[in-house]
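To start, the structure under review is shown below, and the notes come after it.
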Amino acid sequence: MVCRRGCCCGVVNEDNARFLMLAVLIVLYLLCGAAVFSALEQPKELQANEQWAQRFERFTQKHSLNRTDLETFLRFYEEANIAGIRVDTLRPRWDFTGAFYFVGTVVSTIGFGMTTPTTVSGKVFLIFYGLIGCASTILFFNLFLERIITVLAFVLKSCHDLKRRRQGVMPHDGPRGEPPPGPRDRGRDSLAGWKPSVYYVMLILCVAAVVISCCASAMYSAVEGWGYLDSLYFCFVAFSTIGFGDMVSSQRVTYDGNQTAYRLGNFLFILMGVCCIYSLFNVISIVIKQTLNWLLRKLDIFSYRGCCHCCPAGIAKRLPPRRNAVMPSGTGHGHSRARRTVSIETDALNESETDGGRWMSGEMISIRDFLAANKVNLDLMQKQLSEAATNGIPRPSVSNQNRQNGFSGGVGALGIMNNRLAETSVDR
């Protein structure tokens with residue numbers, strides 16, 4: 001059972017319910033993934049182990065080597081492999097270009113693993129360097145997503161303005177009757193209300209990620225000699241910052257053709273791919289959150305049946321409706337279901353009716369909720385009372401200066417209302 005305000009009968013609030021549901025779904029997702037990968041990869045692993053054992057045995061018998069000595073030699077090679085030594089001729093790992101490639105994989109959180117620091121000072125420096133670098137890169141990715149949203153909002157607004165111009169209607173940026181915005185607020189106010197839908201942004205990012213991955217895979221297949229499917233696999237592993245390290249691009253000493261152009265293209269493809277995939281992950285997380293909210297609303301249909309008599313939700317569910325109470329229209333299962341819109345700016349649903357947001361028009365609320373909704377007015381009233389108690393004379397207000405309009409002064413909420421009425425009469 002889910003209760004948004006908490007309950008004495010063990011009902012959790014909506015945030016905790018969403019967290020617990022997501023945790024359970026992630027555990028189930030991990031179990032399903034483990035089962036699938038175990039079924040797909042375990043036979044190949046057993047076959048590789050058997051094949052290695054046969055080759056090892058034949059090699060020791062052919063060259064009359066001691067099995068223990070050969071295993072010790074292979075362990076030495078594993079240590080050298082960690083330090084960047086390979087059987088094939090590869091580019092140096094710790095010259096400037098190799099070190100730049102390494103720090104790029106660090107701050108982007110890819111971490112292929114083919115190059116790692118081996119000295120104590122290098123490991124200590126990596127801790128502090130990665131702490132600042134990863135945080136800065138994540139901020140860059142978030143700002144990239146904001147720029148994408150701003151560009152889409154600008155495109156939507158431009159298309160709408162073009163359509164209105166063709167119809168002979170001049171576009172208007174602000175509310176009617178207000179002066180045009182200043183130079184500083186013009187760009188910001190002109191895009192207000194034009195934030196694209198979260199699904200529209202997700203579609204754009206998906207298309208961009210697919211296009212970048214296909215183009216990069218064509219380049220890797222031609223230069224690295226990988227298969228096209230393997231290249232797509234590498235693009236997803238690299239762009240999603242998983243970075244297994246089984247396949248790493250731009251590691252040979254020399255390449256056929258223009259080597260500088262290839263490494264520059266590799267850098268640009270990885271940069272654009274990581275930005276798109278990271279932004280896509282953020283948008284998908286919003287969709288997952290909306291799905292969890294939808295599931296919680298479905299569960300709320302049955303959430304009050306088992307409440308105890310001391311639970312406010314249960315009491316409200318069992319009490320008959322009051323005769324003079326104004327009930328919201330369009331009720332179903334005890335809850336109103338108004339039209340909701342999804343926006344990338346709100347990170348969820350625009351809840352304008354109930355459930356933790358603003359109350360619906362015509363719905364009776366308690367004094368506590370009324371005071372919470374009018375906190376600004378209470379602050380103004382408290383400020384006026386404090387000034388009156390300190391100075392003995394309240395500050396002159398618009399209502400005191402315009403008594404000829406028929407609005408007298410006041411203290412508290414009545415004074416605030418009179419000031420608003422006086423300002424309205426002056427404007428008129």
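The values are calculated or read from the model by the stated rules, or taken from the named source; none is laboratory data. As the structure is a computational prediction, the values presented were derived from the model and not from experiment. Every residue, glycine as well, gets a Cβ built from its backbone with ideal geometry; the counts of neighbours run over all protein chains shown. The area values use the complete protein model at the heavy-atom level, side chains included, leaving out ligands, DNA and RNA. Shrake-Rupley method; radii C 1.70, N 1.55, O 1.52, S 1.80 Å.
Inclusion of residue 282 among residues that are surrounded by 11 or more Cβ atoms within 10 Å (Cβ to Cβ) and either modelled with pLDDT under 90 or closer than 29 Å to residue 217 by Cα (or both) is warranted.
Rundown of residues vs (1) charged (D, E, K, R); (2) modelled with pLDDT of 95 or more; (3) not in a helix (DSSP H, G or I), yes/no style:
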position: 232; (1), (2), (3): no, yes, no
position: 243; (1), (2), (3): no, no, yes
position: 246; (1), (2), (3): yes, no, yes
position: 250; (1), (2), (3): no, no, yes
position: 255; (1), (2), (3): no, no, yes
position: 260; (1), (2), (3): no, no, no
position: 263; (1), (2), (3): yes, no, no
position: 266; (1), (2), (3): no, no, no
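Restrict the check to the range 95-106 and report whether at least one residue is closer than 20 Å to residue 252 by Cα, at pLDDT below 90 and of a type in the set (D, E, K, R). Within the range 95-106 (the criterion being closer than 20 Å to residue 252 by Cα, at pLDDT below 90 and of a type in the set (D, E, K, R)), the answer is yes, since at least one residue qualifies.
Please go through the range 78-94 and pick out each residue that is open to solvent by less than 60 Å² (accessible area, probe 1.4 Å) and either closer than 21 Å to residue 129 by Cα or in contact (Cβ under 8 Å) with a residue 12 or more places away in the chain (or both).
Within the range 78-94, 83, 84, 90, 91, 93 meet the criteria.
If you go through the range 208-225 and keep only what is over 14 Å from residue 275 (Cβ atoms), open to solvent by 10 Å² or more (accessible area, probe 1.4 Å) and either assigned to a helix (DSSP H, G or I) or among the aromatic types (Phe, Trp, Tyr) (or both), you end up with 210, 214, 215, 218, 219, 221, 222, 223. Annotation note: Cβ proximity below 6 Å between a residue of the range 232-252 that is touching a residue at least 60 places away in the same chain (Cβ under 8 Å) and a residue that is of a type in the set (Phe, Trp, Tyr) (sequence gap 6+ or interchain) occurs for 243/112; 245/112; 248/112. I'd like to verify a number: residues in the range 98-127 that are free of Cβ contacts under 8 Å to residues at least 40 places away in the same chain and of a type in the set (S, T, N, Q), how many? So the answer is 5. Return the residue satisfying two criteria in turn: it lies in the range 120-160 and is touching a helix residue (DSSP H, G or I) at 6+ places or on another chain (Cβ under 8 Å) and among the hydroxyl-bearing types (Ser, Thr, Tyr), and of such residues it is nearest to residue 241 (Cα to Cα). Among those residues, the one meeting the criterion is 137. Condition check for residue 228 on (1) surrounded by fewer than 15 Cβ atoms within 10 Å (Cβ to Cβ); (2) touching a helix residue (DSSP H, G or I) at 6+ places or on another chain (Cβ under 9 Å); (3) on the phi > 0 side of the Ramachandran plot: one failure, at (3).
Every condition in (1) open to solvent by 90 Å² or more (accessible area, probe 1.4 Å); (2) modelled with pLDDT of 90 or more; (3) within 30 Å of residue 113 (Cβ to Cβ) is met by residue 67 except one, and the failing one is (2). Taken over the range 193-231, the residue count meeting the criterion of being touching a residue at least 24 places away in the same chain (Cβ under 8 Å), out of contact with any Asp or Glu (no Cβ under 9 Å at 6 or more places or on another chain) and of a type in the set (Val, Ile, Thr) is 3. Of note, residue 148 satisfies the criterion of being of a type in the set (Val, Ile, Thr) and either on the phi > 0 side of the Ramachandran plot or open to solvent by less than 60 Å² (accessible area, probe 1.4 Å) (or both). Within the range 111-133, the set of residues being surrounded by fewer than 11 Cβ atoms within 10 Å (Cβ to Cβ) and of a type in the set (A, V, I, L, M, F, W, C) comprises 120, 127, 128, 131, 132.
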